[in-house]
1. Which length gain, in nm to one decimal place, applies between Ile218 and Lys192 when the Cα-Cα distance is subtracted from 0.36 nm times their residue separation?
2. Considering every Cα-Cα pair within segment 170-223, what fraction, in whole percent, is farther apart than 15 Å?
3. How would Val701, Val326 line up by accessible area, probe 1.4 Å, largest first?
4. What distance in nm separates the simple spin-label points at Ser200 and Val554, each placed 7 Å from Cα in the Cβ direction?
5. Of the peptides 83-89, 599-605, 105-111, 339-345, how do they stack up when ordered by the mean number of other Cβ atoms within 10 Å, highest first?
6. Let me check something: with ligands and nucleic acids excluded, how do Met412, Met202 order by accessible area (1.4 Å probe), largest to smallest?
7. Can you tell me the dipole magnitude for the chain around its Cα centre, using point charges on the Cβ only (Lys, Arg +1; Asp, Glu -1), in Debye to the nearest 20?
8. Would you mind putting 12-21, 28-37, 775-784 in packing order, based on average other-beta-carbon counts within 10 Å, highest first?
Amino acid sequence: MSAFAKTVDSKEGAKLIVQGNEAFALGVMHAGYHSADGYPGTPSTEVIDKYLSKVQDRINVGWSVNEAVAVAVGIGHSIAGFDTVVTMKTPGAFQAGDSITTSAFYTAEAGAFVLYVASDYVPSSTQHVIDLKYFFASARIPVLEPRDHQEMYDIAFIAADISRNFRTPVAILASGILAHSEGLIQIKKPRKISPRELKSDMKSWIIMPNVARANYNIVTQTRIPAVQNYYENSELINEHISQEGDLGIIVSGETTIILKEVLEKLNIRPSTLTLSALYPVPERNIIEFSKKIKGKILVYEDGDRFLEDKIKLLGINVEGKEKYSVITNWTPEVLISDLCRKIGLKYIFEPKKLSAEPLKRPPSICPGCPYKAFGLTVNGFKQSGKIYASFGDIGCSTLLYFMNALDTVLCMGAGDSVRQGFVLSRPEYAHKTISIIGDSCECHSGLDATRNAVFRNTPGVKIILDNRITAMTGGQPAPSSEYNLAGVQNKFNLIKALEAEQAKTVKVNSYNLKEVESSLAQALSDAEKGKYTALVLEGPCVHQMKSSTKTRKVKFNKDKCRRCGKCDMCQGIEFDEEKWPHFTQLCTNCVSQGHVCRQVCPFDAIEFIEEELNIQIPSLPEVGKYEIEEIDSNSLPETLRVAVRGIGGQGNLFFGKVLAEISLNTPYSSSHIVKGDTHGMAQLGGAVISTFACGKVHSPVFLPKSTDVLVVMEKSEVLREGFLDLLKDGGTIILNNYKALPPKASIHDYPKDSDIDKILEGYKIIRIDAEDIAKYLGDVQGKTANVIVLGLLSTIEPFNKIPAGTWIGALKILSPNDNIFKANILAFNGGRNHDK
């Protein structure tokens, strides 16, 4: 039984710490949905990928080739009488716009049809900061925005009921912050919903101009007012009238928990109206609230100013965002500053100006990625003038920008279409331009552009980087994968599909540098002769390969190396002060497909390791008895907060998992627990942050001067903007001595230790070299460095108030087997005794 299946079987009233996407998926199961469909898109992907797909014996679930198809599939489920949800990110809603807006004007009885669209107003993982509320409102589709993790769970019940009872699609706009952070929720009693009976006449599902006009009128004048009345008498609106002052605040969605943090910090208690029902706007509640407020009424919302505009149309004077405000995502420091300015409250906070900067760590393709040889090739062709421009796409291929191998991005599937337009205007560039797309994106909408190039007889070169998976969103199956989500072998064949479009199609081994170079050169030559070629570069995604393929089998021969720097192309290689190259723990051995660094080296200085590595694996001690002791709530502070900075691949997320598990066995389980993680393009070696808080807390996004302990897993990350600002007065910094260089960075680019020490003067610092301790304990790759630092954290005020047995119990639960548990305890104790 999967972990999620066990979660689904949790008893009514159980308290769980879950990711927002998991909370929603759990709500889908407990609310009795029958089916789920979607297309992977951060930050929505996990709903299906990590959760609903694990209970396919209980719900009909699958990935479709794109969002428009997924929406139509979902509508089909609904017409069949089954409650369904379709998941996507913001751009996906526009890709499916025709299906979504047309479905809004069906009025027949059907199963629930719910859209789960994860927004990203930062943005962290999309090109959109567009506010979808305007889009859905124009289509007369009710909109809900969950305010916290509990409501991420509850909203699945509410949305299904609204959809079924009012015969309408319902859009849930879930904040990416909530979707990718974790919080404490309580389980409801699960319910079973019977599918609606099929009608003998299917003509209710026709949409023609005269029907659309009539149904638009019905929806506008009957359905929407009925939904509005439902909202105005529901738990989707919460009013609190304060006896302290005349200020009123109207707040919606995830901004609600940000506001709560700010009000706690300022110790003020204004009257508030919090909304998760955004369209139709609950006018009666807003009007009644405004009548009770004697002073200013402020409005806080993510996205644009949808709510503010609607309230002003009611003739109510409110203050929202400034006329040309670019705030689309309220952070605690921005909101507290804005609130204090508007109410005349003095709040002085000056962000620290540091005399040194952290290393720039732009997102990059992973060590051993099959795109590496291609990126190097295009960069070389551009420098030699063989390629003028490279038109790109969405996904991992976008990261080729940082290798100077990609120039433009529009949207998914559009790269070759843009190239075609460019070439149709400037035909002399047909052999000097290329387009780049991943295999899953080609299957999503890129094949349309391929067909168009053949149809329009537009010469050129299209590169399809086929890693057999939807990689950027975590490795979901695509039509080009071997199997679909249900484990059934795919019949679709990408090569045959391209050939059927009449494109000249050439398969290339993506790890063979010479083959990539010669194939691209030939395709460009053919383009000059008026031909159109689809080059399919085949190679597996690193993260889909077994760990045995990633054990490094190469080494540097110092006698042959000339320190030319040509191998400076991967996070798996770094250089010392004398410019000698060394492999790092991030090396993946190019997953045994063909070492690109060896092919790049002009002096054959990278050689296979002939002798077996003689690694002594220490015997792991048995773990003694431990007890999870009961803790007196009076011995604990009101809140605990920790923030962890490091780079992708260091296991930073494990901190939050352990702390969350610990907190469930403390009095904090009766208050609140939240955990936040970096989301978006945080590839291996990229800068990441994780946060954890419990007690009288609300948001995983922290205010300045609120955090008890800052943990720095990679030394220069302590300098990352805003990080030191989080530490409360008297707080502690754990500084790990580990240093990592991104590709193309020199050791001389790394901040000097003396500069870091000077910046940290006056702080309470505990220094540790976790990787050295890990090696001393027998972990030569330093995989347990995070657990070592966790052990140290357990000894530091105020975390030392929690008994060691509680920490060990959490490690036991989170360790997949006994050997890993023993290794974790060895590392944990190594951290607790690091200075002995």
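1. 6.3 nm
2. On the way: 1088 of 1431 pairs.
That fraction is 76 percent.
3. On the way: Val701 45, Val326 130 Å².
The most accessible residue leads, giving Val326, Val701.
4. Inter-label distance under the simple model: 7.2 nm.
5. 83-89, 105-111, 599-605, 339-345
6. Per-residue accessible area, sorted high to low, gives Met202, Met412.
7. My answer is approximately 1000 debye.
8. 28-37, 12-21, 775-784
The values are calculated or read from the model by the stated rules, or taken from the named source; none is laboratory data. Everything numeric in this text was worked out from a predicted model, so none of it was measured. Cβ sites come from the backbone with ideal geometry, for glycine too, and all protein chains shown count toward neighbours. For the accessible areas, the whole protein counts, side chains as well, though only heavy atoms, and no ligand, DNA or RNA atoms are used. Shrake-Rupley method; radii C 1.70, N 1.55, O 1.52, S 1.80 Å.
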